[in-house]
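The values are calculated or read from the model by the stated rules, or taken from the named source; none is laboratory data. This structure is a prediction, so every number in the text was calculated from the model and none was measured. Counting neighbours? That spans all protein chains shown, and the Cβs are built from the backbone with ideal geometry, glycine included.
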Amino acid sequence: MRIQTNKMATKQGKGDLTARLAEVVPECVVKDTDKYKSDWWVAYRIDEKMRGDPVAAAAPKCKDDIFKIMRFAKDEGIPILTRGGGSSVTGASVSKGGIVIDMSQMSSIISIDTDNRTITVQSGARMETIEKALNEKGYTLGQFPQSFELATIGGYISTMGTGHFSSLYGGIEESVLRLEVMLPSGELIKTRTYDIPRSSASPDLSKLFIGAEGAFGIITEAELKIYPIPRHTHAAVYAFNTFEEAVNAVKALNDIDIKPQLCRVYNEAESAFYFGTDKSIVLLSYASNNSGVLSSTVSELSGLMKSSGGAEEDPKFLDKAMKSRFDFRGQLDSFQKMGLEVETIEIASRWTNVVQMYRDLTSSLSSIEDVAASGAHLSHIYQQGACTYFTVIFKPSLYSYEKIWDAAASAARRNESSISHHHGVGILKSEYVKREIPTNLLSAIKRAIDPDGTIGRGAAPEYTKQSPPVIQ
Ligand SMILES: Cc1cc2nc3c(=O)[nH]c(=O)nc-3n(C[C@H](O)[C@H](O)[C@H](O)COP(=O)(O)OP(=O)(O)OC[C@H]3O[C@@H](n4cnc5c(N)ncnc54)[C@H](O)[C@@H]3O)c2cc1C
């Protein structure tokens, strides 16, 4: 990987452009663009030269505003970049030389339909706001990323995010019923005419926009599945002698009929850090509306975990982990005070490769001089495999950062794993993902939908006019 910082030369001065944009959407122009120069990508903290520099920004209040901004950008030959909560950890929501469309003013809950179990929201609505509105009616979206307080639903859909209850509710791709999108042409489409639970009338076009990082259009509204909040829950914690033993035990959970809500398997380093034990800790929670179903699941679970070598541990570990999970600012601060930075890497593997990939990357990270410590846990489990989530504490420099990501990409490649389970692509992974997808097809779709390159960086960055930093 090689990181360069190259800024796009713009035709006009920033002041001129902002003034002209203000003639088109007077109520929407954001004069101070400093807040759009970075997102949560670590590289922006390591070296300020990495930061973006949008030429103008606007926060539309309605779809018509978006249309006008898009048309303006097209006429000026300057790409736009959509911004949700700016919580991307890959640099996806930062523009260099483009116009930012900040979706924060389009954040309403449009309707909650408990009869058909759906919610319709504007794409700038925050995950936390949506969940609160649903909870008031006894429902949940079931999507709880660690960035719950930061992320918008539009950004979460666009990065194909997932949250800590993924075992029960799936990632966002399993929640989306229908999207409303403004295409780069200015046409507003719904990905289906009717709001129905399933249709084989064509490919599911919502999927084109889920994980596209805004490359194919701006999501304006989303219609999503909702679920009643389960009446009964059960927390269970088990300790195993080794991470490998714990991983094998958790894999066997697939044989139990009821899926857990949450399943996490901490390696020895993270178990020591979070729970003060030298064992490998497994956190589980189960939920059901039926107490009888729940209690028989729990007794099956207990038998299975014990026969796999697990010992029961304090169920309060689960609460502790969930609370500390949302205290990411506190944790980051404490490392930064020591002159260190924190990066997270989320790799998806088949069960056959989970342990080998973990060993491989853990060993590579330990040989990088500036890495002070690393830990890992399985953060999402499936019938077919799991996501291993590494946390790396390192002495910050772009040099060490590149080494860490090169090690991650190599371990992923050697073990036939994906370099991005849920953080998306952004600038960080734009070269690495090319090994994993048919880029020709993606680029052909991009050319067809956005021939002028009106929309900036996205899942098909090479066909944008914008010039992002190059990572090789
Ligand atoms: C502390 C922390 C913890 C995190 N934990 C998780 C986690 O548990 N799970 C997880 O999945 N992710 C996690 N993330 C990553 C991040 O929160 C997600 O990628 C999030 O979904 C991005 O949402 P956002 O609104 O902030 O999008 P932004 O960062 O603003 O944008 C992300 C991408 O989406 C595009 N985009 C935004 N809105 C739209 C729209 N309306 N239409 C089209 N394109 C759009 C942007 O152009 C950009 O390419 C975490 C990040 C942080 C900082």
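Name every residue in the range 54-87 that is in a loop (DSSP other than H, G, I, E, B), at pLDDT 95 or above and within 24 Å of the chain's Cα centre (by Cα), in order of residue number.
ALA59, PRO60, GLY84, GLY85, GLY86, SER87
Here TYR358 meets each of (1) under 30 Å from SER400 (Cα atoms); (2) within 16 Å of the ligand (Cβ to nearest atom) with one exception, condition (2). Select from the range 420-443 the residues that are touching a helix residue (DSSP H, G or I) at 6+ places or on another chain (Cβ under 8 Å), outside any loop (DSSP other than H, G, I, E, B) and closer than 19 Å to SER88 by Cβ and list them in ascending order. Within the range 420-443, just TYR432 meets the criteria. Filtering the range 281-337 to residues that are without any contact (Cβ under 8 Å) to a residue 12 or more places away in the chain, within 16 Å of the ligand (Cβ to nearest atom) and either part of a helix (DSSP H, G or I) or touching a Pro at 6+ places or on another chain (Cβ under 9 Å) (or both) leaves LYS323, ARG329, GLY330, GLN331, LEU332, ASP333, SER334, GLN336. If you go through the range 406-419 and keep only what is in a helix (DSSP H, G or I) and in contact with a helix residue (DSSP H, G or I) (Cβ under 8 Å, 6 or more places away or on another chain), you end up with ALA407, ALA408, ALA409, SER410, ALA411, ALA412, ARG413, ARG414. Taking the criterion of being on the phi < 0 side of the Ramachandran plot and either assigned to a loop (DSSP other than H, G, I, E, B) or at pLDDT below 90 (or both), the residues of the range 444-457 that qualify are ASP450, PRO451, ASP452, THR454, GLY456, ARG457. Just one residue in the set ASN254, ASN267 is assigned by TED's automatic domain parsing to the domain that holds GLY310, in contact (Cβ under 8 Å) with a residue 40 or more places away in the chain and in contact with a Phe, Trp or Tyr (Cβ under 7 Å, 6 or more places away or on another chain); that residue is ASN267.
Starting from residues that are surrounded by 15 or more Cβ atoms within 10 Å (Cβ to Cβ) and among the aliphatic types (A, V, I, L, M), keep the ones in the range 299-327 and report whichever is farthest from the chain's Cα centre (by Cα). Checked the range 299-327; the qualifying residue farthest from the chain's Cα centre (by Cα) is LEU304.
Restricted to the range 137-235, the set of helices (runs of 4 or more DSSP H) holding at least 1 residues that are more than 12 Å from the ligand (Cβ to nearest atom) comprises 166-169, 206-209. Contact annotation: residue pairs with Cβ atoms under 6 Å, 6 or more positions apart or on different chains, pairing a residue in the range 231-242 that is modelled with pLDDT of 95 or more with a partner that is loosely packed, with under 14 Cβ neighbours inside 10 Å, are ARG231/ASN289; HIS232/SER291; ALA239/ALA311. Residues in the range 15-45 that are of a type in the set (S, T, N, Q) and under 28 Å from the mean Cα position of the chain (by Cα) were compared, and the one that is farthest from the ligand (Cβ to nearest atom) is THR33. The single condition among (1) within 13 Å of the ligand (Cβ to nearest atom); (2) over 20 Å from ILE449 (Cβ atoms) that ASP53 does not meet is (1). Count of the range 70-87 residues, restricted to those that are within 9 Å of the ligand (Cβ to nearest atom) and on the phi > 0 side of the Ramachandran plot, is 1. Kindly evaluate ARG51 against the criterion of being closer than 25 Å to LEU17 by Cα and assigned by TED's automatic domain parsing to the domain that holds GLY453. In short, yes. Among the conditions (1) under 23 Å from the mean Cα position of the chain (by Cα); (2) closer than 26 Å to VAL89 by Cβ; (3) at pLDDT 95 or above, LEU284 misses just one, which is (2).
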